Amino acid sequence: MIRGKKMLHKYLFAFILSGCMLSGLFAEAQQTTTVFSDSVRVQKDLFEIIREAMKKPPVDKQNKKGSLLLIPIVASNPATGFMVGAGGQYAWKLKASDRYSTFNLSAQLTTKGQKMIFLKNNIYTAGNRLFLSGDWRYLIFSQPTYGLGTNAPDGGILDYQFGLSGIETTIDSLAQPMQFDHAKFHQTISFEIKENIYAGIGYNFDSYSNIVDEKLRLMPGDSLITSHFAYNSFYEFSTKRYYSSAVNLSVSYDSRDNIINPYKGYYALISWRGGLKMLGNKENTSFYQLEYRSYHAVSVKNPRHLVALWAMGNFSPAGELPYMLLPATAYDQRGRSGRGYVQGRYRGNNLVYAESEYRFPISRNGILGGVVFLNMITTDNPVIQLQLFDAVKPGYGFGLRVMADKYSRTNVALDFGFGNRSGGFYLNVSETF
């Protein structure tokens, strides 16, 4: 029975990946020949409904270059507990023919004592000639880790066999809580070299400090070696603080009609992140990323009926990066991958992720919409010879969308995600991908 489930998970994962990689062969012709009606004219947004309820005249915002959305943040997941805060998004375009740019800022507090500030930018200059993308954040955070590989905690630290100073470990749960401060500054500028094709260069800085490995015990006769301590000690990284300072080179293709809420188009990225010694790193390191997204209409009359596909791969050579810098669940720019699992639940030197989402309108006026989604993740663990796709974990769920601004297509998104003995609900601005 267990083997049958594993095979089913692999088949589902392969199905999603195949859909992501091959969808262009079947949908490109339809997307280039289908003419959608002006969705702005056939639907309303939250701003209009509120004005109607107050019996105020409508306001024409179609020629307005920017829109500001502020929302309270109320959410819950196992990593943070109950979360409250505030977030905002400013969306604008310099000219009517330009793509929308976005600037997001949020601050959050949680019942687990975590404090988080996020600032993210995705900005197009005039004529879409330059594209700036950034992820800045500062976290006073706590997070459980579970070891490497999507079989954790089935394998995990007891299978590492590192033999650290002859200390024996006791059998214990592999949910290993950690406290740390995390500073992140990722910023890239990309130059359009041909229509929809961009070449980018950037700088990525990540710092982990004030690390407290709560379950770590090194007393003889009463010891517990955690995954973080074992990995970093084996590869001679500090277990208290470390950082990565890296240059980023990338090539991307982006034909999406709107980066906030695409109705059609494709996005593909190939990037290399090099932590060079000249930038302050102990050794030269490499981190590779591949990403693909596409959006496919299933209705000629209403573009909000669509299937969205997302595939992502992160790859790092064994032993080059410290434990918390390895690829993991929800480590993408928006922290949206792996709905149904806590951030960092699955970690490895290499990670492959795929997701499929069906998006659809609910109300006739376009205010309410919905999504259903299925995702899959696999990570490796070279120490125990666990390869990618040897263990695959699925997630699934559904969500509600409220159209807050129909011109920029900004939705307020409420999602419920479920994984393997895991789950949570999420409140965000804009789509997951």
Exercise. For residue 278, all conditions in the list (1) under 18 Å from residue 201 (Cα atoms); (2) in a strand (DSSP E or B) hold save one; what is the number of the exception?
Worked result: (2)
For this session: Could you check, for segment 267-279, whether at least one of its residues is within 18 Å of the chain's Cα centre (by Cα), buried (at least 21 other Cβ atoms within 10 Å of the Cβ) and touching a residue at least 12 places away in the same chain (Cβ under 8 Å)?
Result: yes
Seminar exercise, completed: Turns out the strands (runs of 3 or more DSSP E) fully within segment 179-243 with at least 1 residues that are farther than 20 Å from residue 274 by Cα and among the hydroxyl-bearing types (Ser, Thr, Tyr) are 197-213, 222-224
Problem set entry | Subset of segment 362-397 (residues that are surrounded by 21 or more Cβ atoms within 10 Å (Cβ to Cβ), over 18 Å from the mean Cα position of the chain (by Cα) and part of a strand (DSSP E or B)) | 369, 381, 386
For this session: Please determine, by comparing only the residues of segment 131-180 that are within 30 Å of residue 87 (Cβ to Cβ), at pLDDT 85 or above and among the small types (Gly, Ala, Ser), which one is surrounded by the most Cβ atoms within 10 Å (Cβ to Cβ).
Result: 133
For this session: Return yes when residue 341 is free of Cβ contacts under 8 Å to residues at least 24 places away in the same chain, part of a loop (DSSP other than H, G, I, E, B) and not small (Gly, Ala, Ser) and no when it is not.
Result: no
For this session: Mind listing whichever residues of segment 93-130 are part of a helix (DSSP H, G or I) and buried (at least 19 other Cβ atoms within 10 Å of the Cβ)?
Result: 128
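The values are calculated or read from the model by the stated rules, or taken from the named source; none is laboratory data. Everything quoted here is computed from the prediction, not taken from an experiment. Heads up, the Cβs are rebuilt from the backbone with ideal geometry, glycines too, and the neighbour counts pull from every protein chain shown.
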